[in-house]
Amino acid sequence: MEQRERAVRLWFDMWLKKEDLGVLDLFAKDAVYIESWGPEYHGAQKIKLWFDEWNTRGTVLQWDILQFFHREDQTVAQWYFRNQMNGGRVEAFDGLSLIRWDPAGRICFLQEFGCNESRYDPYQDGPVPKFREGSAAWF
């Protein structure tokens with residue numbers, strides 16, 4: 001469990017530092033990575049390409065791990081994430097990563113789930129719900 005948590009922390013630190021500290025060692029050669037909003041990367045080389053390319057367009061400002069859950073070859077990490085793209089747009093949300101490990105201790109599958117941080121109670125003013133206007137978040 002401790003080794004797995006160190007590996008997840010290393011992955012988050014890479015993003016915070018904008019530095020590859022061993023992407024190809026962390027992920028299995030045939031790993032699959034699914035982002036919460038749709039993109040999917042197949043293979044450690046593609047995950048590294050995404051990491052390197054994305055960091056030319058944006059900066060991860062915060063990626064705090066709140067807790068871990070472990071079961072057999074799986075780990076779930078709960079976290080809070082905030083970034084800023086080069087154009088100035090800031091994105092922030094709560095999330096989970098569902099991670100599966102291979103026998104060598106590398107990540108072979110990682111799927112993110114996001115939750116909009118702009119939450120509200122549609123029943124605040126009574127039994128008839130009042131939903132916010134506009135389009136829903138991209139999750």
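What the table below lists for this structure:
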quantity: Dipole-positive endmost among Cys115, Ile34, Met14 within the chain (Cβ charges, Cα centre); calculated: Met14
quantity: Zone residues, the stretch 50-89, relative to Ser118, backbone N less than 17 Å from point 7 Å out along Cα-to-Cβ; calculated: 81-85, 88-89
quantity: Cα-projected label distance for Val128 with Lys29, points at 7 Å along beta-carbon direction, nm; calculated: 6.3
quantity: Ranking of Tyr80, Tyr41, Tyr123 by count of other Cβ atoms within 10 Å, fewest first; calculated: Tyr123, Tyr80, Tyr41
quantity: At R0 = 22 Å, FRET efficiency that the Cβ-Cβ distance of Asp102 and Thr56 yields, to 0.05; calculated: 0.15
quantity: The stretch 3-47: relative contact order as a whole-number percent, Cα under 8 Å and 6+ apart; calculated: 28
quantity: Mean Cα-pair separation over length for the chain, i.e. relative contact order, pairs under 8 Å, 6 or more apart, %; calculated: 21
quantity: Coil-residue trypsin sites (Lys or Arg not before Pro) of the stretch 6-85, DSSP, other Cβ within 10 Å capped at 16; calculated: Lys18, Arg57
quantity: Estimated dipole of the chain in Debye, rounded to 20 [Cβ of Lys and Arg +1, of Asp and Glu -1, Cα centre]; calculated: 140
quantity: Projected area, mean over directions - the chain, Cα convex hull, nm²; calculated: 10.0
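A short reminder: the numbers here are calculations on the coordinates, not readings from a lab. All values derive from a computational prediction rather than experimental measurement. For neighbour counting, all protein chains shown are included, and Cβ atoms are generated from backbone atoms with ideal geometry for every residue, glycine included.
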